[in-house]
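Take a look at the structure below.
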Amino acid sequence: MSWWFKQDEIHQATHVHGGPEFLPWHREIVNRLEELLRSVNPKLSLHYWDWTQDPRAITSANLGNGNRGTLNLFTADFMGYGGPTQQPIGEPWLSAGFYVPTANPNRDSNDGTAADPPALVTRAVGPQGNPSQASKAEDAAIVAQGDYAAMRALLERLHDRMHGFAAMGGRHISFRDPFVFLLHSNVDRLFALWQTQRGHPERLDADHVYGSESNDPRLNRDIEPWSTGHSIDSFGDEHFSRPWYIPERMGEPKNYKHRSVAQPPLYDTNVTTPPTVVSWGPGRLDVFGLGPGTQMLHRAWSADGKWWPENDWHDLGGNFTTPPTVVSWGPDRLDVFGLGPGTQMLHRAWSGDGKWWPENDWHDLGGKFTTP
């Protein structure tokens, strides 16, 4: 059974909608698909569809090699069919076996299983059944909500409408269509943007991110099917999903307050501070910035023309309230200072032997400061 077909089985087996788990459950499935992509190529990241733009004519898009222009997501090189009537999604998915018109059995036939391909995956994109797509004002209203319950209700309603705008054969089977992940990564992006609003550090705290719903028992139970493989969907049907259920028992129990679920991923729209850039030594450039959990992120550019780390940011950890102050002195010495959550001064140093000091944490210099 392919991991791609497993996504459809997972969504049908759990079907978490209309409640407080909607956002963190879908964050988990989006994060897990990105992990699967990176197991093939570690340079890949899962992109999102900004649903305030027509996906057939995204303006000022990055076309690569420094070029910008209008981009259509629905081509045979990317997402396939994107016309106004419900039609098969076509290439590149047909040749790749994401659906097989001649499959017998197929996954929806009486003797079909979750390992069998669907016979058809269809899509329609446009205003049919939906007066318009989302607006920037609607996105802003979601991010402006003061409590999780109000925010997630608005966001799920807009999500439902966008499932109508990009109609992927019905919400319950939409996870057969790769475009559903671009839609849901945008849902998660808006959730992350709400979490990282200035003045709301509690939204980065797993025990408080869900606001008035934090004590809801649904948020304090294991996330399925990845915890045990045993789940009951919203229709009352019981499911036993492998490899998390027996015989493999690969489940790793965790609830919705686990750090990997409660902490927002880093999107280009929720970087919390401008970068601090320092050039020092012959051909060395270091870039520092705060991530969504206000931890310190770092990358270095060297004279050999490469970034380190090559494909991602080095997470230096910590919990900061201000951008860093970085000082270079001596031939091979770089010192980084920033204010912690108690407004105490935190410090780490990089030396010529290629190591951070302290090696695994920040040196707490103490004090109580109000400015960097």
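A few comments on the model shown:
- Total residues in region 214-255, condition loosely packed, with under 13 Cβ neighbours inside 10 Å, among the polar types (S, T, N, Q) and assigned to a loop (DSSP other than H, G, I, E, B): 2
- Selection count where residues are part of a strand (DSSP E or B) and either modelled with pLDDT of 85 or more or in contact with a Pro (Cβ under 8 Å, 6 or more places away or on another chain) (or both), scope region 51-67: 2
- In region 333-346, residue surrounded by the fewest Cβ atoms within 10 Å (Cβ to Cβ) [restricted to those that are in contact with a Phe, Trp or Tyr (Cβ under 8 Å, 6 or more places away or on another chain) and either under 21 Å from Leu285 (Cβ atoms) or of a type in the set (D, E, K, R) (or both)]: Arg333
- Test: residue in region 99-111 that is modelled with pLDDT under 95, part of a loop (DSSP other than H, G, I, E, B), assigned by TED's automatic domain parsing to the domain that holds Ala192 and at positive phi: no
- The lone exception for His26 - which of (1) in a loop (DSSP other than H, G, I, E, B); (2) under 18 Å from the mean Cα position of the chain (by Cα) it fails: (1)
- Residue check for Thr294: within 24 Å of Ala192 (Cβ to Cβ) and modelled with pLDDT under 85: yes
Condition check ((1) touching a residue at least 40 places away in the same chain (Cβ under 8 Å); (2) not aromatic (Phe, Trp, Tyr)) across all residues:
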{"residue": "Ala149", "(1), (2)": "yes, yes"}
{"residue": "Met162", "(1), (2)": "yes, yes"}
{"residue": "Met168", "(1), (2)": "yes, yes"}
{"residue": "Phe175", "(1), (2)": "yes, no"}
{"residue": "Ala206", "(1), (2)": "yes, yes"}
{"residue": "Gly229", "(1), (2)": "no, yes"}
{"residue": "Ser234", "(1), (2)": "yes, yes"}
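- Subset tally (residues that are under 30 Å from Leu37 (Cβ atoms) and out of contact with any helix residue (DSSP H, G or I) (no Cβ under 8 Å at 6 or more places or on another chain)) for region 206-236: 9
- Any hit, region 29-50, residues being buried (at least 20 other Cβ atoms within 10 Å of the Cβ) and part of a loop (DSSP other than H, G, I, E, B): yes
- Yes/no for Thr370 being part of a loop (DSSP other than H, G, I, E, B), β-branched (Val, Ile, Thr) and surrounded by fewer than 12 Cβ atoms within 10 Å (Cβ to Cβ): yes
- Of the residues making up region 70-98, those that are more than 18 Å from Leu183 (Cβ to Cβ), within 25 Å of the chain's Cα centre (by Cα) and at pLDDT below 95 are Thr70, Asp77.
- Filter result (acidic (Asp, Glu) and farther than 27 Å from Gln133 by Cβ) within region 1-59: Glu9, Glu35
- Matching residues, region 188-234, being in contact with an Asp or Glu (Cβ under 8 Å, 6 or more places away or on another chain) and within 28 Å of Ala124 (Cα to Cα): Leu190
- Unmet criterion (only one of (1) modelled with pLDDT under 85; (2) farther than 30 Å from Arg27 by Cα; (3) surrounded by fewer than 14 Cβ atoms within 10 Å (Cβ to Cβ); (4) in contact with a strand residue (DSSP E or B) (Cβ under 6 Å, 6 or more places away or on another chain)) for Trp280: (3)
- Tallying residues that are at pLDDT 85 or above and either on the phi > 0 side of the Ramachandran plot or among the acidic types (Asp, Glu) (or both) within region 332-354 yields 1.
The values are calculated or read from the model by the stated rules, or taken from the named source; none is laboratory data. Quantities reported herein were computed from a predicted structural model and do not represent experimental measurements. Quick reminder, even Gly has a Cβ in these numbers, built from the backbone with ideal geometry, and neighbours come from all protein chains shown.
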